[in-house]
């Protein structure tokens, strides 16, 4: 099975640390050691008859406001044929930690800045394909009142904004939260994919994500 991607396409992935994943370090330059590299490797052997130019411009710690600020330099100037954007967990965390000082990261402002990135993309790259990857938080916490329970309660608002924007702009969408929730329900301990905390997956978690990206682009 191969993807529907055409030979010679330029694919650009951007977002926060989960996309970045060390791509700015000497060891893992230029694709990082996460799902972007895994996806590139999948293309190399599953679509071996095709050639692709894959670019990673993710930056750890970014919010959608940061992505919008650098959208021209880190996305539009490359003139990619396909753009993937995964952003939102930092918005959620910062707003939850200090709503007063981080109003720009509220769900409403998140949607506003996200919409502008898509509007600018459609304006300057009307033929580019777009994949929106929803944020996730891989915690099975059941204790009310804890920080993790608060993130789990708030994050769905951000995910819904991505769903709405995907529908509005006619993009592809990948919902990652059900991906990991299903694995946990099946008896896979969180430590197998998120051994340190609920935001950053290990190599197995990145592989799951890359596989999901591949399937989404093969649909």
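The values are calculated or read from the model by the stated rules, or taken from the named source; none is laboratory data. These numbers come from a predicted model, not from an experiment. All Cβ positions, glycine included, derive from the backbone under ideal geometry; neighbour counts span all protein chains shown.
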ask   = Given the structure, is residue 122 under 25 Å from residue 54 (Cα atoms), buried (at least 21 other Cβ atoms within 10 Å of the Cβ) and in contact (Cβ under 8 Å) with a residue 40 or more places away in the chain?
value = no
query = Is there a residue being modelled with pLDDT of 95 or more and more than 24 Å from residue 153 (Cα to Cα) anywhere in the stretch 83-103?
reply = yes
message = Go through (1) touching a residue at least 60 places away in the same chain (Cβ under 8 Å); (2) over 17 Å from residue 141 (Cα atoms) for residue 200 and report which single condition fails.
response = (2)
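For the stretch 114-124, indicate whether the set of residues that are under 14 Å from the mean Cα position of the chain (by Cα), part of a helix (DSSP H, G or I) and closer than 19 Å to residue 66 by Cβ is non-empty. Even if it seems obvious, please write down each step before you answer.
The initial filter retains those residues of the stretch 114-124 that are under 14 Å from the mean Cα position of the chain (by Cα), namely 114.
Going one step further and asking which of them are part of a helix (DSSP H, G or I), we end up with 114.
The next check asks that each one be closer than 19 Å to residue 66 by Cβ; those that pass are 114.
Yes: one or more hits.
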message = Can you tell me which residue is modelled with the lowest pLDDT among those in the stretch 155-183 that are surrounded by fewer than 17 Cβ atoms within 10 Å (Cβ to Cβ) and within 21 Å of residue 95 (Cα to Cα)?
response = 177
note = Among (1) touching a strand residue (DSSP E or B) at 6+ places or on another chain (Cβ under 7 Å); (2) surrounded by 16 or more Cβ atoms within 10 Å (Cβ to Cβ), residue 53 falls short only on (2)
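Would a scan of the stretch 18-31 turn up a residue that is crowded, with 19+ Cβ neighbours inside 10 Å, in contact (Cβ under 8 Å) with a residue 40 or more places away in the chain, more than 15 Å from residue 82 (Cα to Cα) and touching a strand residue (DSSP E or B) at 6+ places or on another chain (Cβ under 7 Å)?
From the stretch 18-31, those crowded, with 19+ Cβ neighbours inside 10 Å are 18-21, 23, 31; that's our starting set.
Next, from what is left, pick out any that are in contact (Cβ under 8 Å) with a residue 40 or more places away in the chain: 18-21.
Then drop every residue that is not more than 15 Å from residue 82 (Cα to Cα), which leaves 18-21.
Then drop every residue that is not touching a strand residue (DSSP E or B) at 6+ places or on another chain (Cβ under 7 Å), which leaves 18-19.
Yes.
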ask   = Are there any pairs with C-beta distances below 9 angstrom linking a residue in the stretch 73-95 that is free of Cβ contacts under 8 Å to residues at least 24 places away in the same chain to a residue that is assigned to a loop (DSSP other than H, G, I, E, B), with the two at least 6 apart or on different chains, and if so which?
value = 73/57
query = Conditions: (1) surrounded by fewer than 20 Cβ atoms within 10 Å (Cβ to Cβ); (2) in contact with a helix residue (DSSP H, G or I) (Cβ under 8 Å, 6 or more places away or on another chain). Residue 105 meets all but one. Number of the miss?
reply = (1)
key: Conditions (1) under 26 Å from residue 153 (Cα atoms); (2) out of contact with any strand residue (DSSP E or B) (no Cβ under 8 Å at 6 or more places or on another chain); (3) buried (at least 23 other Cβ atoms within 10 Å of the Cβ); number of the one not met by residue 65   = (3)
query = Failed condition for residue 138, given (1) under 18 Å from the mean Cα position of the chain (by Cα); (2) modelled with pLDDT of 95 or more; (3) part of a loop (DSSP other than H, G, I, E, B), with all others met?
reply = (2)
